[in-house]
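Working notes, structure below.
The values are calculated or read from the model by the stated rules, or taken from the named source; none is laboratory data. All values reported here derive from a predicted model rather than from experimental measurement. Every residue, glycine as well, gets a Cβ built from its backbone with ideal geometry; the counts of neighbours run over all protein chains shown.
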Amino acid sequence: MVDVELGLFTVAVFQDVAWARKGLNALKQIGLPAESLTIIAKDSPEAAALIEQMLGSAGVRVEIGSLGSVLARGSLVESLQGSGRDLAKLGLTGAMRRVGFQSHDSRIFETLTGRGGVLVAIRSESRAADALAILHSYGGGNAAIGAWSGRV
């Protein structure tokens, strides 16, 4: 049995930093605070600048199974790590179950991020539908909401 984090995450992967910046700006315009956002991207100067600009501090290098070293910042990262550094062992595909995503969604998130996409997650159960609409509107691929509280 996988321990499930009760916080609800809405997740999508943008094709690149430019699209992610547009989506993140739209999320902030509807009032979602930077503390509710997570960004995970392949290590690059553009990704580092995006994380710093949108979240107010530098990303950290995190080892993720099949992706290798990525830059990341946000509460989704802590939830995925678990007690045993699960991201390094399981990759996104295995670790995303911890926050209520099915393995097929997780594989898509991992594949798109591995191809240079930027994973954006929002932790806000009360604004999940709003966040999902924004992610879809701004090109967030495979945008989905994790398991609702009490469903798992």
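Restricting attention to region 74-92, the residues that are buried (at least 22 other Cβ atoms within 10 Å of the Cβ) and outside any helix (DSSP H, G or I) total 1. Scanning region 93-105 for residues that are crowded, with 21+ Cβ neighbours inside 10 Å, among the small types (G, A, S) and in a helix (DSSP H, G or I) returns a single hit, A95. Applying the selection to region 124-152, what residues are in a loop (DSSP other than H, G, I, E, B) and in contact (Cβ under 8 Å) with a residue 40 or more places away in the chain? Matches in region 124-152: S124, Y138, G139, G140, G146, A147, W148, S149, R151, V152. Reported count of residues in region 57-71, each being surrounded by 11 or more Cβ atoms within 10 Å (Cβ to Cβ) and over 22 Å from S106 (Cα atoms), is 1.
Please indicate, with yes or no, whether at least one residue in region 41-57 is part of a strand (DSSP E or B), within 14 Å of the chain's Cα centre (by Cα) and more than 16 Å from G114 (Cα to Cα). Among the residues of region 41-57, not one is part of a strand (DSSP E or B), within 14 Å of the chain's Cα centre (by Cα) and more than 16 Å from G114 (Cα to Cα), which makes the answer no.
Only a single criterion out of (1) surrounded by fewer than 17 Cβ atoms within 10 Å (Cβ to Cβ); (2) aliphatic (A, V, I, L, M); (3) part of a strand (DSSP E or B) is not satisfied by A121, namely (1).
One line per residue, one yes/no per condition, for (1) in contact with a helix residue (DSSP H, G or I) (Cβ under 7 Å, 6 or more places away or on another chain); (2) modelled with pLDDT under 90; (3) of a type outside the set (F, W, Y); (4) within 25 Å of R21 (Cα to Cα):
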| site | (1), (2), (3), (4) |
| --- | --- |
| S79 | yes, yes, yes, yes |
| R107 | yes, no, yes, yes |
| V118 | yes, no, yes, yes |
| A129 | no, no, yes, yes |
